[in-house]
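Asker: Can you keep this structure in mind? I'll have questions shortly.
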Amino acid sequence: MEIPAELIDKYDVAVPRYTSYPTVPLWENDLDEHSWKNNVQKAYREFGDSEGISLYIHLPYCDSLCTYCGCNKHITKNHDKEIPYLEALRREWDMYLEMLPSRPKLAAIHLGGGTPTFFSAENLQSLIQYILDSSSVLSQAKFSFEGHPNNTTLEHLLALKEVGFTRVSYGVQDLDHKVQKAIHRIQPISKVEEATYHAQLAGFQQINYDLIYGLPHQTEETILNTMEEIRRLMPSRIAFYSYAHVPSVFQAQKSFEQYLPKKAEKRNLYETGKAKLTSIGYEEIGMDHFALPGDELLEAKQTGRLHRNFMGYTDFSSHILIGLGSSAISDVHYAYAQNTKDIELYKEQVNLRHFSHSKGHNMTLEDIKTRKTIMDLICTGTTDETNVVWRRENMKLLNDLQEDGLITMRNNEITVTPLGTAFIRNICSAFDHRMKNKQSQTFVFSKAI
């Protein structure tokens, strides 16, 4: 779809990605350890038995810096750091076990980073086994991890498969050498092929690739070349993320700033990639995912069961997401909490049997209602007007969006149009009352396009 340049100019503004509402910079930080415990227990009583809990485990170490990366990471080649960090994760998990009224049911585990495969296969398996020994695993539980094609070994894959992992997401990003050199992430296609083959050998049911558009030196030609390799390997699912340029926070991004595609040029990269992916059998999901027919995420989209949280799009509801590790974010429906990004402080506080929260937020009833509106739009493309928290500024923004052909409002429903899917973050921001209430403050978000 060709998107009018004037709309791109109008809506290419800094807005959140809405993996949560409110977004982290807009949290009230009104959460102490006692209220966190109460919120966890309240959510567990309401959802723990029927849904179970999901775990996100942050493993922050990387052995080299990828200059595009906006994740919380620590660069080191010292693998002696593995054991002390894993011991802290076990202690943090023990603290949650102590506050829960019964043995938790595990619905999902996701290992993110950093680079999870910085850690040895043996150490990763030992950590997961520790968690499994104190939990009950639901029959449809989903265990996944993020892998770097350069250092995810067959041993890693076999070890994680033995403790229930069935999905790996490889950070491919781009397969053009000039692009890889600019972002300091050299990984030849042979390493991606090898990592994919090893995952197949180990029996992984889902092999996913993460790609990024908007990187330095990318052109429509380089995107098509990358997609041609994708056609040859055919992973079951692809995330095609927009590069988030926030050099005020991640200073290494300044190194290639002059080579970045912008505005319409950047959006055309996505449209080029999307056209190629759909031509070879993938279907678009949400604002940045693609999957082959039969994939669980695609089936969730088709049946209205698509969800979104800090891990991105999921095919299951997760009212209780516990984050373990430095910088990890927890979402227990009634409150959010984020651990400190300082790894040494995280270990110190957890070893003293205190949660290491540096940020938090108690949800109001209005927050809960607005979150539903935003998540409905970003997952299904429609929301019921009766669920919306209406303000006068809502009406003006929504009228503008409707006049620009990005939404329709009829029959008590607000619906995102095909054109509007390119601007879904802008549409969601029209309902973001907390951001509107604090317009005088400066928040650091990447641009929408």
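Asker: Hey, what's the per residue convex hull volume over the C-alpha atoms of region 103-191, in cubic angstrom?
Answerer: Spread over its residues, the Cα hull of region 103-191 gives 93 Å³ apiece.
Asker: Mind checking which of 424, 109, 368 has the largest fluctuation in a GNM of the chain, springs on alpha carbons under 10 Å?
Answerer: Taking springs between Cα atoms under 10 Å, the residue moving most is 368.
Asker: Next question, about the same structure. Take the Cα pairs of region 300-432, get the Kirkwood Rh, then feed it into Stokes-Einstein at 25 °C and 0.890 mPa s and tell me D in µm²/s.
Answerer: In µm²/s, the coefficient is 147.
Asker: I'd like the distance between the alpha-carbon centres of region 180-234 and region 1-52, rounded to an integer number of Å.
Answerer: Between the Cα centres of region 180-234 and region 1-52 lies a distance of 30 Å.
Asker: Need one number: % antiparallel among DSSP beta bridges in region 22-361, to the nearest 5.
Answerer: Here the antiparallel bridges make up roughly 35 percent for region 22-361.
Asker: Additional query: Under the definition of Cα pairs under 8 Å and six or more residues apart, what whole-number percent is the relative contact order of region 22-361?
Answerer: For region 22-361, the relative contact order is 21 percent.
Asker: Charges at C-beta only: +1 for Lys and Arg, -1 for Asp and Glu. How large is the resulting dipole of the chain about its Cα centre, in Debye rounded to 20?
Answerer: 480
Asker: Calculated from DSSP H runs of 4 or more alone, at -39500 (n - 2.57) each and per residue, what is the 222 nm mean residue ellipticity of the chain, nearest 500?
Answerer: So the helix-based figure for the chain works out to -11000 deg cm²/dmol.
Asker: What FRET efficiency do you get for residue 402 and residue 249 if R0 is 41 Å and r is their Cβ-Cβ distance, rounded to the nearest 0.05?
Answerer: 0.75
Asker: Need the C-alpha centroid separation for region 286-353 versus region 399-413, integer Å.
Answerer: 31
Asker: Next question, about the same structure. Around residue 289, which amide H atoms from residues at least 5 apart in sequence, or from another chain, sit under 5 Å from its own amide H, with H modelled in the peptide plane?
Answerer: It is 240, by chain and number.
Asker: OK, next. By per-residue mean of other Cβ atoms within 10 Å, what is the highest-first order of 61-67, 208-214?
Answerer: Result, highest mean Cβ count within 10 Å first: 208-214, 61-67.
Asker: Still on this structure, please answer the following. Any idea what the relative contact order of region 219-371 is, in percent, if you count C-alpha pairs under 8 Å spaced at least 6 apart?
Answerer: After rounding, I find 14 percent.
Asker: Take the eigenvalues of the Cα gyration tensor for the chain, scale each by 5, and report the square roots as semi-axes in whole Å, largest first.
Answerer: After diagonalising the Cα gyration tensor, the semi-axes are 32, 29, 21 Å.
Asker: Gaussian network model of the chain, Cα springs within a sub-10 Å range: biggest mean-square fluctuation belongs to which of 243, 336, 130?
Answerer: Checking each option, the largest mean-square fluctuation is seen for 130.
Asker: Charges on Cβ only, +1 for Lys and Arg, -1 for Asp and Glu, centred on the Cα centroid of region 169-254; of 195, 250, 235, which one is farthest towards the dipole's positive end?
Answerer: Final value for the positive-end residue is 250.
Asker: A follow-up question, please. Which are the unpartnered cysteines of the chain, meaning those with no other cysteine Cβ under 4.7 Å from their Cβ?
Answerer: Within the chain, the cysteines lacking a partner Cβ under 4.7 Å are 62, 71, 379, 428.
Asker: Looking only at region 65-86, which residues have a backbone nitrogen under 17 Å from a spot 7 Å from the Cα of residue 126 in the C-beta direction?
Answerer: 78-86
Asker: Continuing with the same structure: Normalised radius of gyration for region 10-87, please: alpha carbon Rg relative to 2.2 N^0.38 Å, two decimal places.
Answerer: So region 10-87 has a normalised radius of gyration of 1.57.
Asker: Want the number for residue 366 to residue 35: 0.36 nm per residue separation, take away the alpha-carbon distance, what's left?
Answerer: Between residue 366 and residue 35, full extension yields an extra 117.3 nm.
Asker: For the pairs 191/341; 274/301; 73/266, flag any whose C-alpha to C-alpha distance is greater than 20 Å.
Answerer: 191/341; 73/266
Asker: Roughly what % of Cα-Cα distances in region 122-250 sit above 18 Å, to the whole percent?
Answerer: That fraction is 57 percent.
Quick note: the coordinates plus some simple rules give every number you see, no bench work behind them. Quantities reported herein were computed from a predicted structural model and do not represent experimental measurements. Reconstructed Cβ throughout: ideal geometry from the backbone, glycine too, with neighbour counts over all protein chains shown.
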